[in-house]
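Peer 1: Would you mind keeping the following structure in view while I ask a few things?
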Amino acid sequence: MGYEDLNVSALLLVRCLPGYPYKCPKLQITPENGLSKSDADKLLALLSDQANSNAREGRVMIFNLVEAAQEFLSEIVPVGQSHESVSFAIQS
């Protein structure tokens with residue numbers, strides 16, 4: 001998906017609770033390679049907002065949250081960085 005040349009990663013922990021998708025899953029971001037705590041906090045806020053919006057409509061959302069996270073990660077990588085990979089591990 002075009003992320004092969006980037007070097008940034010994060011761990012996204014998703015815990016679906018009873019009532020999902022009408023109830024937001026619990027989300028946790030652990031910054032890993034190349035991701036600052038500040039950017040991890042911004043990513044968590046972005047994903048939480050998106051999850052709240054999806055939950056109001058009762059839409060399943062985990063795939064969309066992962067896509068949003070990948071897009072976010074791809075936008076924060078320094079331009080000169082290459083020959084590495086973006087990784088996003090998902091635990092649920």
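Peer 1: Please give the length that would be gained between residue 7 and residue 23 if that part of the chain were fully extended, namely 0.36 nm times their separation in residues minus their C-alpha to C-alpha distance (nm, one decimal).
Peer 2: 2.4 nm
Peer 1: Net charge within 11 Å of residue 76 by Cβ-Cβ distance, Lys/Arg positive one each and Asp/Glu negative one each, not counting residue 76 itself?
Peer 2: Within the 11 Å Cβ shell, the charges total -2.
Peer 1: Calculate the FRET efficiency for residue 48 and residue 74 from the Cβ-Cβ distance with a Förster distance of 22 Å, rounded to the nearest 0.05.
Peer 2: According to the calculation, E is roughly 0.65.
Peer 1: OK, next. Arrange 16, 24 by Cβ neighbour counts within 10 Å, fewest through most, would you?
Peer 2: 16, 24
Peer 1: Give me the net charge of residue 22's neighbourhood, meaning all other residues with Cβ under 11 Å from the Cβ of residue 22; Lys, Arg count +1, Asp, Glu -1.
Peer 2: Once all neighbours under 11 Å are counted, the net charge is +2.
Peer 1: Each label point is 7 Å from the Cα along the Cα-to-Cβ direction; what then is the distance between the points at residue 15 and residue 66, in nm?
Peer 2: Roughly 2.0 nm, to one decimal.
Peer 1: Provide, for q = 0.12, 0.24, 0.28 Å⁻¹, the log10 of I(q)/I(0) from a solvent-free Debye sum over equal Cα point scatterers in segment 1-73.
Peer 2: Evaluating at q = 0.12, 0.24, 0.28 Å⁻¹ gives log10 I(q)/I(0) of -0.32, -1.06, -1.30.
Here, each number is a calculation from the coordinates, and none is a lab measurement. Just so it is clear, the structure is predicted and the values come from calculations on it, not from any experiment. Reconstructed Cβ throughout: ideal geometry from the backbone, glycine too, with neighbour counts over all protein chains shown.
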